[in-house]
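The block underneath contains the structure these notes are about, expressed in C-alpha cells.
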Amino acid sequence: MAIPDQGDGERRAAAQALVRERIELIRRRMRRAAILDQVTCRLAVRMNVRPEEAAAHLARLSHESGVDLLEVARSVDERAGEPPETPRVTAPEWAAPVMEAMSLCAMYLSPVTDETGRLVDFIVVATTEGGEDVTGRPLEVFRGRRLLEFAPGVMRAGLLEECIRVFETGESFQRGPFEYIEARNDRLWPRSISVRASRVVDGILLTWQELDEEERLITGWERAQRIAGLGWAEWNLASGRTIWTLPMYEMFGRDAAEGPLPFEQLPETVVEEDLGAVEEVVRTLLEHRESVEHEFRVQQRHGIRHVRLAAEPVLDGSGFPFAVRAMAQDVTANRRRERALAEARDQTHQARHRAEEEHRVALALQDTIMPTHHGVFDLPGLRMGVRYSPSGELERLGGDWFKARPLPDGRVLVAIGDAMGHGLSAVSLMAQMRSGLAGLAYTGAPADRLARWLNELAFHANQNITVTGTAVIGHFTPATRVLEWVSAGHLPPVLVRDGKAVFLETSNGTMLGAFEDMDYTLTTTQLARGDLLLLYTDGVVEHRSRSLDIGLNAMLDAAGRCADADPEKNLVCVLRELGEEHATDDVCLLALRVL
C-alpha cells in the first residue's frame, strides 16, 4: 500500500479548504438573498405595492445613503411597525368541497388591489386540509393572510406575476418540475415542484405538487440524458412493442409521431460501411445472448450522426432472449472534435516538415554562398578579422552577408549587409545582393552608384513580393587611407581611435529594395594608421532582453574596451562584452585594422 507523502496531504487539505470556502460563500449569498426577499415582500405588503416597486425603493435608499442594500433593508424593516390589517374575505361556498376533493396542495386566492385598482397581491381564502407548504408549515395557518407575507419565494420565481396574468387574462398557467426556493427565517428552502394556476370565478386556484425522491431521480435522469446526449430504448421481440425516450428520436432523425424504429429496421438507418457492425451487434445479442457495445453511423435527414450503442438481451426463465434494452449516445460532436484535432496535427506536421526542409535548403544555400568565417585575413592596407555565424535556430536563420576583396584599380571593396526577414527568402535575397555587388564592383563605380544599382536589383528581382535589405558599401584606398562609403539603412560603423570609440556619421539612406529610384550620399572618412573600424549586423547588438538603442550603446562601450592590435582578439572581446557568444540570430562582425 502506497503511503501518501506530506505534499499530497497538504494538497488535499488545501483542496478541502477551498471547497469549504466556496460553499460558505454560496451560503452567505443565499442568506443575504433570503433576508432581502423577506424584507422586500413585507415592505410591499405595508406599502400595498408590487414587490419590484418595493425593491426599487430599497435600492434607491441604498444609493442615496451609500449604505449596503442589506443594512438598508433591515433598518427599514425594523422601523416599519406592524403591517396593515388584511381585509377579511369570505371563501365562496363551493371552495370547501373542492378543496376537500383535491389530492394536491391547493389554495384559492382572492385579489388585492392598490388605491388605483391595480392588482398587487392575493389573499389566501381557502386551502386543502392537511397540506403543507414547501417549508413544512400547515396550509391552514395561511388562511386570511397575504400571499407575499408568508411566501416571498413567489416573487423570485415569478409566480406572482404569472398569477396576476392568469387573473387578468383568464389563461391558465403551468410550470414544472422546476426548482422553487422559498425564504423563511432568513434562510432559503429549495424544493422541486410543479405548479398550476387557473382563474376560477373571482379568484385564482393555485395548486402545486412537490416531487418525491423517485420523481426527483427520474427528472434528474432526464436532465442527464439531455446533457450527455443519451437515449434509452427497449425492443420487445415477442410483442413487437418498442419504447424510446425522446433523445432516441433525435439521434435517428425520426419524428415522434412516427413512433420508434422497430428493431428489425435498424440496419436501414445505418450507412453501408457500418452494416457489418450492426450485424455483429445482432448476433452478439440474439445468438450469443451477451451484452455488446459498438459504434456506428446513422444516416438521417439532418446528415450522418455517430451513435454509440450499449445493449443487453433480456432473457426469460429458459435463457431465451425476448427483449433488447439499449442505451445510446450521440458522439457526433466528439468525433468532429477528434477529426479537427487530427487535421490540426497533420497541418502542424506538414508545416513543421516544410519549415525543416526550407531551413535545410536555406542553410545549405547560405553555407555555399557565405560559409562560416573565423580568423584574420590580410588585404591591401588592412588586416581584417571576421566573425560570421549563421543562426542555429530554424526560425532565426537570416540573410547577413559581407564582402571584402581587392579590386583591379587598387582599392579594397568593403561591404556588409542584412537581407530582411528569416528563412529561405532572406537567404535568397542575401545571395542576390552579395553576388550582384561582387559583379557591379568591377565597373569601378563609386560606392553611392553601387548602392543605387543594388537598390534597383533588389527592387526588380522580386516583383511579386516586397523584399528589402540594408548595407554599408565602401572603398578603402590603401595609399591615402581614405574610406569612401555609403549607408543604405544599415547600422553605423564604429571607429576606434586611441581607445575612444565613436559612430561614423553619414546621411543614412533608404533601405535597399524599398523604392525603385533612390540616391545615396557618399561620405569620405580619413582613417589613420592603427585605427580600428567595426562593421556589424543587427544580430550583434539586438537582443530579446534589450532594445536596439541599449545594444548600440553597449557596442560603443565594448569597442572602446577591446582596443587590441589583433583584429581576432578584438572580435572575441567585443562579442564577449556584448554577451553574444551564444547569439540566437545571425552574427556578422568585421574588425578592420588600418596598417
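Remarks
- Within region 276-297, the presence of at least one residue that is over 18 Å from A326 (Cα atoms) and open to solvent by 20 Å² or more (accessible area, probe 1.4 Å) is confirmed.
- Filter result for D564 (without any contact (Cβ under 8 Å) to a residue 24 or more places away in the chain and assigned to a loop (DSSP other than H, G, I, E, B)): yes
- From the list R165, R199, the one residue that fits, being charged (D, E, K, R), part of a strand (DSSP E or B), open to solvent by 70 Å² or more (accessible area, probe 1.4 Å) and at pLDDT 85 or above, is R199.
- Filtered residue count, region 60-71, keeping only those that are open to solvent by 50 Å² or more (accessible area, probe 1.4 Å) and within 13 Å of D37 (Cα to Cα): 1
- Residues that are at pLDDT 85 or above, within 27 Å of R31 (Cβ to Cβ) and either among the aliphatic types (A, V, I, L, M) or open to solvent by less than 40 Å² (accessible area, probe 1.4 Å) (or both) occur at least once in region 91-108.
- Picking from residues in region 357-388 that are of a type in the set (D, E, K, R) and out of contact with any helix residue (DSSP H, G or I) (no Cβ under 7 Å at 6 or more places or on another chain), the one that is modelled with the highest pLDDT is D378.
- Q300 being touching a Phe, Trp or Tyr at 6+ places or on another chain (Cβ under 7 Å) and either of a type outside the set (S, T, Y) or open to solvent by 80 Å² or more (accessible area, probe 1.4 Å) (or both): yes
- Residue identified as at pLDDT 85 or above, of a type in the set (D, E), under 26 Å from M430 (Cα atoms) and open to solvent by 60 Å² or more (accessible area, probe 1.4 Å) among D549, D538: D549
- Scanning region 9-56 for residues being open to solvent by 40 Å² or more (accessible area, probe 1.4 Å) and in contact with a strand residue (DSSP E or B) (Cβ under 8 Å, 6 or more places away or on another chain) gives a total of 4.
- Test: residue in region 315-322 that is more than 41 Å from the chain's Cα centre (by Cα), assigned to a strand (DSSP E or B) and touching a residue at least 60 places away in the same chain (Cβ under 8 Å): yes
- Taken over region 311-340, residues that are out of contact with any Gly (no Cβ under 8 Å at 6 or more places or on another chain) and either open to solvent by less than 40 Å² (accessible area, probe 1.4 Å) or acidic (D, E) (or both) amount to 12.
- One residue stands out in region 168-196 among those that are among the charged types (D, E, K, R) and under 30 Å from E71 (Cβ atoms): the one that is most open to solvent (accessible area, probe 1.4 Å), namely R187.
- For G410, the criteria (1) open to solvent by 10 Å² or more (accessible area, probe 1.4 Å); (2) at pLDDT 60 or above; (3) on the phi < 0 side of the Ramachandran plot hold in every case but one, which is (3).
- Residues that are of a type outside the set (S, T, Y), in a strand (DSSP E or B) and buried (at least 24 other Cβ atoms within 10 Å of the Cβ), drawn from region 486-495: V486, A488
- The number of residues in region 238-255 that are open to solvent by less than 60 Å² (accessible area, probe 1.4 Å) and closer than 17 Å to R305 by Cβ comes to 9.
- Hey, E343 outside any strand (DSSP E or B), exposed (fewer than 11 other Cβ atoms within 10 Å of the Cβ) and in contact with a Lys or Arg (Cβ under 9 Å, 6 or more places away or on another chain) or not: no
The values are calculated or read from the model by the stated rules, or taken from the named source; none is laboratory data. The structure presented is a predicted model; accordingly, all values stated were derived computationally and were not measured. As a convention, Cβ positions derive from the backbone with ideal geometry for all residues, glycine included, and neighbour counts pool all protein chains shown. Heads up: the accessible areas ignore ligands, DNA and RNA and are worked out on the full protein's heavy atoms, side chains in. Shrake-Rupley method; radii C 1.70, N 1.55, O 1.52, S 1.80 Å.
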